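I have placed the structure first, in the form of structure tokens, so that the comments after it can refer back to it.
The values are calculated or read from the model by the stated rules, or taken from the named source; none is laboratory data. Everything numeric in this text was worked out from a predicted model, so none of it was measured. Here Cβ is always computed from backbone atoms with ideal geometry, including for glycine, and neighbour counts include all displayed protein chains. To get the accessible areas, we keep the full protein, side chains included, count just its heavy atoms, and leave off ligands, DNA and RNA. Shrake-Rupley method; radii C 1.70, N 1.55, O 1.52, S 1.80 Å.
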Amino acid sequence: MSQTISSQLDAIRSTLIPDVELVAVSKYHTAAEIMEAYQAGQRIFGESRVQDLCTKHDTLPKDISWHFIGHLQTNKVKFIVPFIEMIHAVDSEKLLLEIDAQAQKVNRVIPCLLQLHVAQEETKFGFSPEECAQFLKTYKDFPWKGIQIAGIMGMASNVDNECQIHQEFKQLHDFFVWAKQQYFSQNESFRFRSWGMSSDYRIAMQEGCNMVRIGSSIFNI
Ligand SMILES: *Cc1c(COP(=O)(O)O)cnc(C)c1O
């Protein structure tokens, strides 16, 4: 075997532009595989299933920063709030209110990203830009205590057409810039732009992301 997880990780890192953070998406991968990436210095890992995440959190080193990147059900929020470092795909007011309530119970403030739906696929979750703008307006003075609205997350369509992918990421970036100026200009916490996966993170970096979520290019060796 010529490739290892650590060599794949190095290869990815060497292509990241400065200030882009790497979330190693370890869903479907074992604790042993995660440890290999950990030993190569990776500390931020992304998971999309609550049960898997809780099991891995229990058994793996405590200095791992766990990010939840999947669709989170309201009734499962309580299981991850004691330790989760960021929740990437918040797509409803109800979910954000639940995270806020549960986080307060354990005295934590959890950075949350609002997921915008810009892809063509109908199955993907997220606010439309209009819904998200309305949400921000409605909640602009809301006294959040258990969460910080920390940025925008999204996915491009799963297509070969690079123009389309550029266009969709640009929509995310434009929305981020607008929201920052409109509602968060004095708020340092609102700064994350989470877009780009294995197949499209290079395009995502050209369109202004500062966090990429990469799984298969690291772990599928
Ligand atoms: C699985 C997943 C990724 C990583 O995808 P790869 O193609 O394996 O890099 C990124 N973001 C989300 C939301 C995912 O579910």
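Anything in the stretch 87-96 that is open to solvent by 30 Å² or more (accessible area, probe 1.4 Å) and small (Gly, Ala, Ser)? List them, or say none.
Within the stretch 87-96, 92 is the sole residue that qualifies.
Whether any residue in the stretch 102-113 is among the small types (Gly, Ala, Ser) and open to solvent by 30 Å² or more (accessible area, probe 1.4 Å) is what I want to check.
no
Among residues belonging to the stretch 69-81 that are away from the ligand (no atom under 15 Å from the Cβ) and open to solvent by less than 30 Å² (accessible area, probe 1.4 Å), point out the one that is nearest to residue 146 (Cα to Cα).
The residue in question is 81.
I need every pair where a residue in the stretch 169-198 that is closer than 26 Å to residue 158 by Cβ and without any contact (Cβ under 8 Å) to a residue 40 or more places away in the chain has its Cβ under 9 Å from the Cβ of a residue that is open to solvent by 50 Å² or more (accessible area, probe 1.4 Å) and among the polar types (S, T, N, Q), sequence separation at least 6 or different chains.
Close Cβ pairs (under 9 Å, with a partner that is open to solvent by 50 Å² or more (accessible area, probe 1.4 Å) and among the polar types (S, T, N, Q)) amount to 198/216; 198/220.
Output the qualifying pairs, or none if there are none: Cβ atoms under 8 angstrom, residues six or more apart or on different chains, first residue in the stretch 70-87 and over 9 Å from residue 102 (Cβ atoms), second residue open to solvent by 70 Å² or more (accessible area, probe 1.4 Å) and outside any strand (DSSP E or B).
Taking only residues 6 or more apart or on different chains, the pairs are 70/49; 71/125; 74/94.
Hey, among 99, 84, which residue is open to solvent by less than 20 Å² (accessible area, probe 1.4 Å), of a type outside the set (Ser, Thr, Tyr), over 28 Å from residue 162 (Cβ atoms) and part of a loop (DSSP other than H, G, I, E, B)?
84
Can you list the strands (runs of 3 or more DSSP E) found entirely within the stretch 6-72 that contain at least 3 residues being touching a Phe, Trp or Tyr at 6+ places or on another chain (Cβ under 9 Å) and not polar (S, T, N, Q)?
Correct list: 21-25, 44-47.
Identify all residues within the stretch 162-221 that are within 29 Å of residue 109 (Cβ to Cβ), among the β-branched types (Val, Ile, Thr) and open to solvent by less than 50 Å² (accessible area, probe 1.4 Å); write none if there are none.
Passing the criteria: 212, 214.
List the pairs whose first member sits in the stretch 92-118 and is of a type in the set (A, V, I, L, M, F, W, C), whose second member is part of a loop (DSSP other than H, G, I, E, B) and open to solvent by 30 Å² or more (accessible area, probe 1.4 Å), and whose Cβ atoms are under 7 Å apart, counting only residues at least 6 apart or on separate chains?
Hits for this filter: 103/109; 106/82.
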